[in-house]
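Notes follow once the structure below has been shown.
The values are calculated or read from the model by the stated rules, or taken from the named source; none is laboratory data. Everything numeric here is computed off the predicted structure, so don't read it as measured data. Note: ideal-geometry Cβ built from the backbone for every residue, glycine included; neighbour counts use all protein chains shown.
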Amino acid sequence: MTEKRDRSLDLPKKANEGFFREFYSNLKLIFRLLKDKRVNFLLKILPVGALIYLLLPTDIFPLNPLDDALVIWLGGYLFIELCPQDIVQQHRDALQSSLSDHENKEESPSDVIDGEFIDKPADVDNTEQ
């Protein structure tokens, strides 16, 4: 019974974890594509321009934090979509393989220690061993 309950409690965490993992993965993809010499220089203006817009003290759209987030998202999305798909796929494959290698190292079965807790009675003195 506790096993079912534990799994149900983990579901929202895994959903959030997937969102942040994908967000981090897209950021790494954008940085890799910015460094790639095969990507057109004019395309690289999109994410850089979005970051410059974020730093400007005046906003074009009066929606304050929403317009900044929209411009950053749109700049990154358009940059990834307009880059040559074979280059994007090559970088995504490299990121996926490095991520799976990292996960395999973290999930080693030798890290798990099975044990049992035995509660000590209150009348036993701590000095006796």
Inset, instruction - Check off (1) of a type outside the set (D, E, K, R); (2) more than 17 Å from residue 23 (Cβ to Cβ); (3) at pLDDT below 75 for residue 89 and give me the number that stays unchecked. - result: (3)
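Of the residues 29, 66, 54, which is free of Cβ contacts under 8 Å to residues at least 12 places away in the same chain, assigned to a helix (DSSP H, G or I) and either out of contact with any helix residue (DSSP H, G or I) (no Cβ under 8 Å at 6 or more places or on another chain) or not polar (S, T, N, Q) (or both)? If you could, list the steps in order and put the result at the bottom.
On the way: 29 fails: free of Cβ contacts under 8 Å to residues at least 12 places away in the same chain; 54 fails: free of Cβ contacts under 8 Å to residues at least 12 places away in the same chain.
Among 29, 66, 54, only 66 is free of Cβ contacts under 8 Å to residues at least 12 places away in the same chain, assigned to a helix (DSSP H, G or I) and either out of contact with any helix residue (DSSP H, G or I) (no Cβ under 8 Å at 6 or more places or on another chain) or not polar (S, T, N, Q) (or both).
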Legend entry - Number of the exception - residue 59 against (1) surrounded by 10 or more Cβ atoms within 10 Å (Cβ to Cβ); (2) modelled with pLDDT of 85 or more: (2)
Inset, instruction - Return only the number of the condition from (1) within 22 Å of the chain's Cα centre (by Cα); (2) more than 15 Å from residue 77 (Cβ to Cβ); (3) surrounded by fewer than 15 Cβ atoms within 10 Å (Cβ to Cβ) that residue 32 does not satisfy. - result: (3)
